[in-house]
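Asker: The structure under discussion is supplied below as structure tokens; questions concerning it will follow.
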Amino acid sequence: MSATLATLWYWTPALALGFLMNIVISLGAMGLGTAVGMGVGLGRISTRPWVRKACWGATQFLRNTPSLVLLFYLAYLLPYEIPLGGGYTIPLPGWVKAVVGLSMPVIGFMSDNVYGAVRNIHSDQWDAAEALPLTRYQTLTSVILPQATPMLLPPWMSYFAVIVMASSTASMVGVKEILSSATIAMESITDPGLVIPMYFYVLCWFFLFCYPFSHITRWFERRKWQ
Amino acid sequence: MSDRLRRWGLIALLLAAALPAQAADDLAALRDKGKVVVGVKADYPPWGFRDGQGRLIGMEIDLARDLAQRIGVPVELVAVQSANRLEALRQGQIDIMIATAGDSASRRRIVGMVEPHYYASGVNLMASRELQLTRWEQMENATVCAKQGAYFNKPVARRYDLDLRIFKETQSAKFALQDRRCIGFLFDDSAIAADLLSPEWQGYTMPLPTLDETGWAIGLRHASMGTDLERLVSDAVADWHRSGYLVELEAKWGIKQTAFLATMTRLWNQREAGGDFLCRRGADGQYPADCRPTRIDTQQVAVRQPGALERWLKSAGMNLTILYDPYDREQFLRGLGNTILLALGCILLSVTIGIIGAWLLGLRFAPVRWIATAYVEFFRYTPPLVQLYFFFFGIGAMLPLVQASNGMETPLLGGFTWAVIALGVYAGASNTVIFRTGIDAVSQDVHDSAAALGYSPLKAYVLIILPLALRNCLAALNANLVNIVKATGLASAIAVPELLYVTNQIWPEEGNTVEMMNVLLVTFFLLVSVLVYLMHRLERRLRIPGAA
């Protein structure tokens, strides 16, 4: 028993470093996905019908395709590096591909949420903005979005926990995160009796990080009603 | 505005300049780059593996260091796997590949292979002594564990009608053999011989004759073939054979002595009458064919005559083997069927767990509520992939063994079953919360009316409360069931032959990465879209007009 704990303790720094990679990938995916997703979501209320259709189609595609499959797709088809000409290149390491791959479901999620939040803004706000008069761009940036964005924060934080859990799948495309660190540990140890404790330990890492996010929504509600 | 643009552009350019240069194809480029990146195995002892501290060591690592010395630059070792080693070389992630890669005509379509070969081995089976196997023909329809990407998997499986269970890591395949999930482990004979020396494999042996001795080659990109880099590498291999360095390494790493290396050492040290080495480069720049007994003849006749469809697709630049190769097509359809079956199984299990869990959460007895809550919270906030590994490799190994039809003992539950259990339990946790919310949303009036009409609590729950609750939470439930279908791909991690898994078996061998990835994407999108559509139809049918 103590030998098991000692082994787990020995591998903890490697696992911690791996988990840090999970967090980095998740933050990157949330950042990239939120930026692009808001654009796609706003595109669904565009004045031009082809933009609306294209953004709706993109959202449908991204929400209906498994994030794992998108991750594999991008991991194997994105090049190793992007040439800039003149002999300079930008390398695309595995974790960057994982960030792009995991940002896909975030784009779909943000698109749906931004669209829903904006549509929830009462039409009076749009009418008043038109009367002032504000251009469409000014209306969106100064009137609509500032009211819609606070509503997005609780689901955004919950989804961050979802993405952190999904980042474990990056191990399947060769990224050195916590699950692949655990697998490397198992390769080095080759003792079948350590399998259950090791994977339970990894489960605990995720649980301790993601569980607090479940109470975020309730905490936000309480703050709003103060 | 243009000032800011200029500033950011300059920063981007400086960043790009500070980043490592691109892949090098010949000696001059390598020396410019200042290092040579060599891809080696991390999971294939003793050719490439990790020591207790996680550092890469092994016979091929030693060869990589020797090559780097000859080139005159430091070496950078990168761990590759069978599934991605050819792509890593082709895309430029590594410059040289020394990763237990068997030479073959189909692989030469993807990368260049250097002759002479530095090693050769055949394929054999590691199986329990109890089985008393003597011939390969006895293995018909047997379940055999294999490692992903091994060149011999497909041909041997076809030849002897084996049912392969392919694993990403050697260690996983060996665990599965020990758990009796398969009759034997199909692998390289030298690697098996090395394993059989250790005490944990005492009850096992390598009973069958070794098949298909194939040469292992050092891989280079096609652009590097014909350059001074290829010449240096092939001269290095010739030197290793001549000086006996490879035989030395064989002994150092405890590998059973092979006839191939003994033959090569003799051949390459043989001298002609005039005192020159027999094996020297001829006028065409090649080493004599006799000095390369395991060479690949590139004029090998195609195994299959291309049909009209195949020719038309290939002329358009597309290689869709699932349409015209019977083995690939069968594998793909099998994967599709398994994905659908897996999804159905998970949906059934998770809905059942959800109903029971929701009922448990409503009980007045607090400890039961606490246990149910603990289950729900733990399984909702941990990744399903890690849960899958925990169930399959952890709990699966602890279960008792049962008698299978072939008289061997096999584990109680197979990979498919564990995938259903793991994903069903994971989704069941969310379903519990969804159903509980739906039930709570049914107003107290309905409960009172049911009691007034004389319904027992159980009958009221099943006949009145649940149907109403279902309509309350249908949207959330549909979203969760769609997530289950999307999550079936995770089962590929434990070698369940569903869609993602079989696709990942097809493209490394056929080299048609782009085509298969697109097929995979489109297929999953269609599967999920069909489910979403069916769910919407169900929602509309169940809707109660006028209900909130």
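The values are calculated or read from the model by the stated rules, or taken from the named source; none is laboratory data. Quick caveat: nothing in here was measured; it's all calculated off a predicted structure. In this analysis, Cβ positions are derived from the backbone assuming ideal geometry, glycine residues included, and neighbour counts consider all displayed protein chains. Note: accessible area is taken over every heavy atom of the protein model, side chains too, but ligands, DNA and RNA are not part of it. Shrake-Rupley method; radii C 1.70, N 1.55, O 1.52, S 1.80 Å.
Asker: In this structure, does B:ALA16 turn out to be open to solvent by less than 10 Å² (accessible area, probe 1.4 Å), farther than 22 Å from A:LYS176 by Cα and at pLDDT below 80? Steps first, please.
Answerer: Values: open to solvent by less than 10 Å² (accessible area, probe 1.4 Å): yes; farther than 22 Å from A:LYS176 by Cα: yes; at pLDDT below 80: yes.
Yes, satisfied.
Asker: Right, something else. Are any of the residues in region A:150-157 exposed (fewer than 15 other Cβ atoms within 10 Å of the Cβ), part of a helix (DSSP H, G or I) and within 14 Å of chain B (Cβ to nearest Cβ)?
Answerer: no
Asker: Run down B:MET126, B:MET139 and say which single residue is open to solvent by less than 10 Å² (accessible area, probe 1.4 Å) and at pLDDT below 90. Walk me through it before giving the result.
Answerer: Details: B:MET126 fails: at pLDDT below 90.
Only one candidate qualifies: B:MET139.
Asker: Another one. For region A:118-134, indicate whether the set of residues that are within 14 Å of chain B (Cβ to nearest Cβ), assigned to a helix (DSSP H, G or I) and either more than 26 Å from the chain's Cα centre (by Cα) or surrounded by fewer than 18 Cβ atoms within 10 Å (Cβ to Cβ) (or both) is non-empty. If you could, list the steps in order and put the result at the bottom.
Answerer: To start, the set of residues in region A:118-134 that are within 14 Å of chain B (Cβ to nearest Cβ) comprises none.
Scanning region A:118-134 turns up no residue that is within 14 Å of chain B (Cβ to nearest Cβ), assigned to a helix (DSSP H, G or I) and either more than 26 Å from the chain's Cα centre (by Cα) or surrounded by fewer than 18 Cβ atoms within 10 Å (Cβ to Cβ) (or both).
Asker: Before we move on, is B:ILE296 assigned by TED's automatic domain parsing to the domain that holds B:VAL496 and either open to solvent by less than 90 Å² (accessible area, probe 1.4 Å) or modelled with pLDDT of 85 or more (or both)? Please lay out each step first, then the result.
Answerer: Working: assigned by TED's automatic domain parsing to the domain that holds B:VAL496: no; either open to solvent by less than 90 Å² (accessible area, probe 1.4 Å) or modelled with pLDDT of 85 or more (or both): yes.
Here the answer is no, as B:ILE296 does not meet what is asked.
Asker: Under 8 Å between Cβ atoms, at least 6 apart or on separate chains: pull out the pairs that start in region B:241-263 with a residue that is touching a residue at least 12 places away in the same chain (Cβ under 8 Å) and end on any residue that is surrounded by fewer than 20 Cβ atoms within 10 Å (Cβ to Cβ) and aromatic (Phe, Trp, Tyr).
Answerer: B:ARG242/B:PHE277
Asker: Those residues that are touching a Pro at 6+ places or on another chain (Cβ under 6 Å) and more than 19 Å from B:ASP290 (Cβ to Cβ), I need them from region B:228-253; list them, please.
Answerer: Residue satisfying the conditions is B:TRP253 alone.
Asker: Give all pairs with beta carbons closer than 9 Å in which a residue from region B:368-383 that is away from chain A (no Cβ under 12 Å) and outside any helix (DSSP H, G or I) meets a residue that is open to solvent by less than 30 Å² (accessible area, probe 1.4 Å) and of a type outside the set (Lys, Arg); count only pairs at least 6 apart in sequence or on separate chains.
Answerer: Taking only residues 6 or more apart or on different chains, not a single pair turns up.
Asker: Can you find a residue in region B:483-494 that is in contact with an Asp or Glu (Cβ under 9 Å, 6 or more places away or on another chain), more than 14 Å from chain A (Cβ to nearest Cβ) and not β-branched (Val, Ile, Thr)? Steps first, answer last, please.
Answerer: The initial filter retains those residues of region B:483-494 that are in contact with an Asp or Glu (Cβ under 9 Å, 6 or more places away or on another chain), namely B:488-489, B:491-492.
Now drop any that are not more than 14 Å from chain A (Cβ to nearest Cβ), which leaves none.
No; the residues of region B:483-494 include none that is in contact with an Asp or Glu (Cβ under 9 Å, 6 or more places away or on another chain), more than 14 Å from chain A (Cβ to nearest Cβ) and not β-branched (Val, Ile, Thr).
Asker: Further question on the same structure: Scanning for something within 11 Å of chain B (Cβ to nearest Cβ), of a type in the set (Phe, Trp, Tyr) and under 27 Å from A:LEU71 (Cβ atoms), does region A:158-169 turn up at least one residue? Write out each step before concluding.
Answerer: Narrowing region A:158-169 to residues within 11 Å of chain B (Cβ to nearest Cβ): A:158, A:161-169.
Next cut, of a type in the set (Phe, Trp, Tyr) only: none.
No, region A:158-169 contains no residue that is within 11 Å of chain B (Cβ to nearest Cβ), of a type in the set (Phe, Trp, Tyr) and under 27 Å from A:LEU71 (Cβ atoms).
Asker: Does A:ALA35 satisfy the condition of being open to solvent by less than 60 Å² (accessible area, probe 1.4 Å), at pLDDT 90 or above and not basic (Lys, Arg)?
Answerer: Details: open to solvent by less than 60 Å² (accessible area, probe 1.4 Å): no; at pLDDT 90 or above: yes; not basic (Lys, Arg): yes.
So A:ALA35 fails the test.
Asker: Please determine, by comparing only the residues of region B:54-92 that are part of a helix (DSSP H, G or I) and acidic (Asp, Glu), which one is modelled with the lowest pLDDT. Lay out the reasoning, then the answer.
Answerer: Start the filter on region B:54-92 by keeping residues that are part of a helix (DSSP H, G or I), which leaves B:59-71, B:85-91.
Those left that are additionally acidic (Asp, Glu): B:60, B:62, B:66, B:87.
Details: B:GLU60: 95, B:ASP62: 95, B:ASP66: 94, B:GLU87: 82.
Looking at the filtered set, the residue picked out is B:GLU87.
Asker: Looking at (1) of a type outside the set (Lys, Arg); (2) open to solvent by less than 20 Å² (accessible area, probe 1.4 Å); (3) in contact with an Asp or Glu (Cβ under 9 Å, 6 or more places away or on another chain), find the lone condition where A:PRO66 falls short.
Answerer: All conditions pass for A:PRO66, except number (3).
Asker: I've got another one for you. Please determine whether any residue of region A:190-210 is among the polar types (S, T, N, Q), at pLDDT below 85 and surrounded by fewer than 14 Cβ atoms within 10 Å (Cβ to Cβ).
Answerer: The initial filter retains those residues of region A:190-210 that are among the polar types (S, T, N, Q), namely A:190.
Next, from what is left, pick out any that are at pLDDT below 85: A:190.
Okay, now just the ones that are also surrounded by fewer than 14 Cβ atoms within 10 Å (Cβ to Cβ), so A:190.
Yes, there is a match, as at least one residue in region A:190-210 is among the polar types (S, T, N, Q), at pLDDT below 85 and surrounded by fewer than 14 Cβ atoms within 10 Å (Cβ to Cβ).
Asker: Answer yes if at least one residue in region B:221-230 is under 22 Å from B:THR265 (Cα atoms), part of a helix (DSSP H, G or I), touching a residue at least 40 places away in the same chain (Cβ under 8 Å) and over 27 Å from the mean Cα position of the chain (by Cα), and no otherwise.
Answerer: If we filter region B:221-230 for residues that are under 22 Å from B:THR265 (Cα atoms), which is where we start, we get B:230.
If we keep only those that are part of a helix (DSSP H, G or I) as well, we get B:230.
Filter again for touching a residue at least 40 places away in the same chain (Cβ under 8 Å), leaving B:230.
Right, trim to over 27 Å from the mean Cα position of the chain (by Cα) and you get B:230.
Yes, there is a match, as at least one residue in region B:221-230 is under 22 Å from B:THR265 (Cα atoms), part of a helix (DSSP H, G or I), touching a residue at least 40 places away in the same chain (Cβ under 8 Å) and over 27 Å from the mean Cα position of the chain (by Cα).
Asker: State all residues of region A:43-95 that are of a type in the set (D, E, K, R), more than 9 Å from chain B (Cβ to nearest Cβ) and outside any helix (DSSP H, G or I); if no residue qualifies, say none. Walk me through it before giving the result.
Answerer: Within region A:43-95, the first condition is being of a type in the set (D, E, K, R), and the residues that meet it are A:44, A:48, A:52-53, A:63, A:81.
Next cut, more than 9 Å from chain B (Cβ to nearest Cβ) only: A:44, A:48, A:52-53.
Correct list: A:ARG44, A:ARG48.
Asker: So B:THR437 ticks every box in (1) closer than 22 Å to A:LEU203 by Cβ; (2) within 14 Å of chain A (Cβ to nearest Cβ) but one. Which box is left unticked?
Answerer: (1)
Asker: Return the pair list, or none, for Cβ contacts closer than 8 Å from residues in region B:40-55 that are at the interface with chain A (Cβ under 7 Å from one of its Cβ atoms) to residues that are assigned to a loop (DSSP other than H, G, I, E, B) and acidic (Asp, Glu), at least 6 apart or on different chains.
Answerer: B:ASP43/B:GLU169
Asker: Next question. I'd like to know if region B:114-122 contains one or more residues that are within 30 Å of B:ALA68 (Cβ to Cβ), in contact (Cβ under 8 Å) with a residue 24 or more places away in the chain and under 17 Å from the mean Cα position of the chain (by Cα).
Answerer: no
Asker: Separate question: If a residue must be at the interface with chain A (Cβ under 9 Å from one of its Cβ atoms) and more than 14 Å from the chain's Cα centre (by Cα), how many such residues does region B:498-515 contain?
Answerer: In the first step, residues of region B:498-515 are kept if they are at the interface with chain A (Cβ under 9 Å from one of its Cβ atoms); the result is B:499-500, B:503-504, B:507, B:513-514.
From what is left, the residues that are more than 14 Å from the chain's Cα centre (by Cα) are B:513-514.
Going through region B:498-515 one residue at a time, the tally reaches 2.
Asker: Related question: Looking at the structure I just gave you, is A:SER214 crowded, with 20+ Cβ neighbours inside 10 Å, within 7 Å of another protein chain (Cβ to nearest Cβ) and under 18 Å from the mean Cα position of the chain (by Cα)?
Answerer: Numbers: crowded, with 20+ Cβ neighbours inside 10 Å: no; within 7 Å of another protein chain (Cβ to nearest Cβ): yes; under 18 Å from the mean Cα position of the chain (by Cα): yes.
No, not satisfied.
Asker: Another question, if that's okay. Could you grab me the full set of residues in region A:40-53 that are open to solvent by 30 Å² or more (accessible area, probe 1.4 Å), more than 13 Å from A:ASN113 (Cβ to Cβ) and not basic (Lys, Arg)?
Answerer: Looking only at region A:40-53, we keep the residues that are open to solvent by 30 Å² or more (accessible area, probe 1.4 Å), and these are A:42, A:44-45, A:47-50, A:52-53.
Filter again for more than 13 Å from A:ASN113 (Cβ to Cβ), leaving A:45, A:47-50, A:52-53.
Matches in region A:40-53: A:ILE45, A:THR47, A:PRO49, A:TRP50.
Asker: Only one of B:ALA150, B:ALA157, B:ALA194, B:ALA173 is within 14 Å of chain A (Cβ to nearest Cβ) and under 22 Å from B:VAL502 (Cβ atoms). Can you tell me which?
Answerer: Within the list B:ALA150, B:ALA157, B:ALA194, B:ALA173, the selection yields B:ALA173.
Asker: Among the β-branched types (Val, Ile, Thr), at negative phi and without any contact (Cβ under 8 Å) to a residue 12 or more places away in the chain: which single residue out of A:VAL69, A:VAL40, A:VAL36 fits that description?
Answerer: Working: A:VAL40 fails: without any contact (Cβ under 8 Å) to a residue 12 or more places away in the chain; A:VAL36 fails: without any contact (Cβ under 8 Å) to a residue 12 or more places away in the chain.
Only one candidate qualifies: A:VAL69.
Asker: Considering region B:231-251 alone, what residues qualify as being within 31 Å of the chain's Cα centre (by Cα) and acidic (Asp, Glu)?
Answerer: B:GLU250
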